[in-house]
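Here, each number is a calculation from the coordinates, and none is a lab measurement. All figures in this text were calculated on a predicted structure; none of them were measured in a lab. Counting neighbours? That spans all protein chains shown, and the Cβs are built from the backbone with ideal geometry, glycine included.
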Protein chains: 2
Amino acid sequence: MHFTAETSSNGVVERNFTLGEVTGVLWSPAAASGHAPLVLMAHSGGQHKRAPGILGRAQRFVTDCGFHVAAIDAPGHGDRPRTAADEQHIAVLRQAQAAGEPLVPVVVEFHIDLAARAVPEWQATLDALQGLPEIGVEGPIGFWGIMQGTGIGVPLVAVESRITAAVFGCLGHESLAEAAARITVPIEFLLQWDDEHIDRRSGLALFDAFASKEKTLHANVGGHGEMPRFEVDSSTRFFARHLGLAVTSPA
Amino acid sequence: MHFTAETSSNGVVERNFTLGEVTGVLWSPAAASGHAPLVLMAHSGGQHKRAPGILGRAQRFVTDCGFHVAAIDAPGHGDRPRTAADEQHIAVLRQAQAAGEPLVPVVVEFHIDLAARAVPEWQATLDALQGLPEIGVEGPIGFWGIMQGTGIGVPLVAVESRITAAVFGCLGHESLAEAAARITVPIEFLLQWDDEHIDRRSGLALFDAFASKEKTLHANVGGHGEMPRFEVDSSTRFFARHLGLAVTSPA
């Protein structure tokens with residue numbers, strides 16, 4: 001793991017890193033003392049490790065909870081080159097979009113391919129992060145990823161026992177059910193009730209498939225891109241609850 | 001409205017009151033200054049205005065948010081006499097329980113009867129509460145009630161425009177759909193995913209029926225009586241968000 005750049009603002013230290021072909025970013029509390037929990041964040045399709053939805057939440061997790069937060073570019077995303085297969089997937093996706101066809105079957109095929117490449121990358125990244133003195137191997141680890149982040153995250157959390165709590169959502173497909181059924185850690189699952197891309201029943205079915213003894217579905221009115229801002233607060237509290245920080249409720 | 005008893009502990013003043021046949025309790029912040037929002041709480045079947053699930057939440061709403069909180073005994077519950085019809089409903093319910101038959105059809109019939117009596121009682125109680133100088137007519141009003149509290153609360157909130165945010169849940173029945181479709185205020189709707197009494201689809205259908213532009217479903221793993229404690233925090237924040245208190249998130 002090579003750190004390639006470091007900036008700091010508002011109490012958050014941001015370090016870019018590379019690990020082989022993987023490009024990533026690690027946010028940490030500027031005033032860290034001792035080990036702290038780590039949250040891994042996987043971005044959505046067509047986005048990247050510093051997309052606004054990642055960056056805003058990462059800053060909250062660091063400043064409100066004192067966590068370290070790491071995001072990496074998915075294969076073919078952000079600073080990473082696309083393979084011929086990536087280009088082909090994107091072409092098929094654009095074709096479906098232009099034709100007004102359902103996107104989920106196309107997207108899910110892409111996710112399956114991405115997950116096969118991304119899961120070992122996440123595991124190597126986690127190995128490297130745990131090698132850092134400020135993180136270490138003792139602390140609890142959370143995962144946050146919706147949409148494509150769920151397409152990659154469900155197979156990841158299913159095989160990665162170091163991850164002890166996860167936020168997923170905005171996706172549902174039978175191809176994820178088997179991996180979901182192997183997941184037993186606490187889950188917060190987000191759905192948009194009027195999602196124009198994700199069939200409501202398939203989202204509910206994926207929530208149902210997790211074997212977790214604690215899992216909560218948060219379904220909100222609105223379309224695919226209209227998740228209410230208060231769910232950011234909720235995810236923050238979810239990780240605070242499960243990764244070991246004491247939370248005093250304000251209101 | 002006659003106050004019949006007053007106690008105070010941990011910053012919460014508790015006053016019992018009667019209003020005609022209605023018996024109720026009003027919790028208020030001991031150090032109140034000026035008007036404050038009001039939350040109305042309706043208890044579940046077979047319970048009463050000071051049941052633990054009411055009392056615990058009421059104390060949180062008062063101490064965390066500075067709200068006033070009022071609960072009244074439903075007709076035939078708590079300190080109120082049962083009519084012959086109440087006794088008959090209870091007998092039928094116990095029969096169904098003993099026979100292992102589905103309870104919802106029986107319960108829903110009871111709720112319809114209770115709501116017809118309780119809605120005007122709630123409205124008269126609200127009139128009287130707004131006549132108190134520490135509450136007044138200006139402040140926003142919330143409603144909290146699950147199970148029977150939803151059976152009464154949905155018809156109440158459908159006709160009572162003074163109520164501007166509501167928490168419902170743990171109930172679903174087509175008889176409530178029409179009233180729900182008239183409700184447009186923000187809703188937090190709680191479901192137990194493995195509820196042994198409430199069919200999951202009927203609960204989801206009731207959530208779907210609300211016309212509210214902001215509504216959130218919180219579905220948690222577990223049976224009818226196993227709602228996780230963090231939903232108390234969530235309801236507290238929901239009311240803080242909608243009844244006008246500034247909330248600074250802690251974690």
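Quick look at the numbers
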item	result
Residue exposure sequence - A:204, A:171, A:176 - by fewest surrounding Cβ within 10 Å	A:204, A:176, A:171
Lys/Arg +1, Asp/Glu -1 at C-beta; region A:36-133 dipole; positive extreme among A:65, A:100, A:77	A:65
Residue mean of other protein chain beta carbons inside 10 Å, A:227-239	3
Electrostatic dipole magnitude of chain A [Cβ: Lys, Arg +1; Asp, Glu -1; Cα centre; debye, to 20]	440
Shortest-first nm distances, residue A:244 label point to equivalent points in other copies (7 Å, Cα→Cβ)	4.4
Beta bridges per DSSP with both ends in chain B, % antiparallel, nearest 5	45
Pairwise FRET efficiency - residue B:184 versus residue A:162, Cβ, R0 = 41 Å, nearest 0.05	0.35
Degrees, to the nearest 10: A:148-159 long Cα axis against longest axis of chain A	70
Cα gyration tensor shape of the protein assembly as shown, rounded if a/c is under 1.5, else prolate or oblate by comparing a/b with b/c	prolate
Qualifying GluC sites (Glu not before Pro) in region A:149-195, DSSP loop, other Cβ atoms within 10 Å at most 11	none
Separation in nanometres of the label points that stand 7 Å from Cα toward Cβ, at residue A:30 and residue B:117	6.4
Cα shape, region B:158-251, gyration tensor, a/c 1.5 rule	oblate
Degrees separating the helix A:200-209 axis from the principal Cα axis of chain A, which is the longest one	50
Potential lengthening between residue A:226 and residue A:98 on full extension [0.36 nm per residue; Cα-Cα distance subtracted]	43.9 nm
C-alpha long axis of helix A:52-65 to longest principal axis of chain A, angle in °	30
Kirkwood-based Rg to Rh ratio, chain B, C-alpha trace	0.95
DSSP loop trypsin sites (Lys or Arg not before Pro) with at most 12 other Cβ within 10 Å excluded, longest remaining stretch of chain A	A:1-212
Whether region A:101-201 is rounded, prolate or oblate, judged on the alpha carbon gyration tensor where a/c under 1.5 counts as rounded	prolate
